[in-house]
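In what follows, a single structure is set out as structure tokens and then discussed.
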Amino acid sequence: MTTKKTKIRVAQVGCGKRGLRHLSGWVSHPDDFEVVALCELDESRMLPAKEKYHLNCPLYSDVDTMLKDVSPDIFCFATMPDMRLSLVEKAAIHKVPAICF
């Protein structure tokens, strides 16, 4: 009997240089991870990131809406340090099991 492996669902905030490195890691392991959403205030970063990694996921400019819509297993954020505490709090509010930053 074989069991189908469940992919870990990742929602990510930030598509700058560091964010692209995180995305590269997620997509390098397609049997283990699935990027289910991207969020970025600067759309000029988000669309190229989606295209570069051939992602088929919704794009958001609002973190709360993204977390509510996709209920990820991991909430990854590559942001400036002054934003991180509020993102950890949002992960707790939305009961995300794990964070990565």
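The values are calculated or read from the model by the stated rules, or taken from the named source; none is laboratory data. Since the model is a prediction, treat every value here as computed from it, not as a measurement. Using ideal geometry, Cβ is built from the backbone for each residue, glycine included, and neighbour counts are taken over all protein chains shown. The protein model used for the area step is the full one, side chains on, heavy atoms only, and it has no ligands, DNA or RNA in it. Shrake-Rupley method; radii C 1.70, N 1.55, O 1.52, S 1.80 Å.
Residues in the stretch 43-51: is at least one in contact with a Leu (Cβ under 7 Å, 6 or more places away or on another chain), in a strand (DSSP E or B) and not charged (D, E, K, R)?
Within the stretch 43-51, none of the residues are in contact with a Leu (Cβ under 7 Å, 6 or more places away or on another chain), in a strand (DSSP E or B) and not charged (D, E, K, R).
If you go through the stretch 44-61 one residue at a time, how many are open to solvent by less than 70 Å² (accessible area, probe 1.4 Å) and either in contact (Cβ under 8 Å) with a residue 60 or more places away in the chain or among the charged types (D, E, K, R) (or both)?
Total satisfying the criteria: 1.
Say we look at the stretch 13-33 and pick out the residues that are of a type in the set (A, V, I, L, M) and surrounded by 21 or more Cβ atoms within 10 Å (Cβ to Cβ); which of these is nearest to ARG84 (Cα to Cα)? Before the answer, list the steps.
To start, the set of residues in the stretch 13-33 that are of a type in the set (A, V, I, L, M) comprises 13, 20, 23, 27.
Still in the running and surrounded by 21 or more Cβ atoms within 10 Å (Cβ to Cβ): 13, 23.
Numbers: VAL13: 11, LEU23: 18 Å.
Only one residue tops the list, namely VAL13.
Could you check the stretch 62-96 and list, in sequence order, the residues that are of a type outside the set (Asp, Glu), in a loop (DSSP other than H, G, I, E, B) and exposed (fewer than 12 other Cβ atoms within 10 Å of the Cβ)?
MET80, LYS95
Name the one entry in VAL10, VAL36 that is free of Cβ contacts under 8 Å to residues at least 40 places away in the same chain, in a strand (DSSP E or B) and either in contact with a strand residue (DSSP E or B) (Cβ under 9 Å, 6 or more places away or on another chain) or crowded, with 17+ Cβ neighbours inside 10 Å (or both). Show your work before the answer.
Working: VAL10 fails: free of Cβ contacts under 8 Å to residues at least 40 places away in the same chain.
After ruling out the rest, the residue left standing is VAL36.
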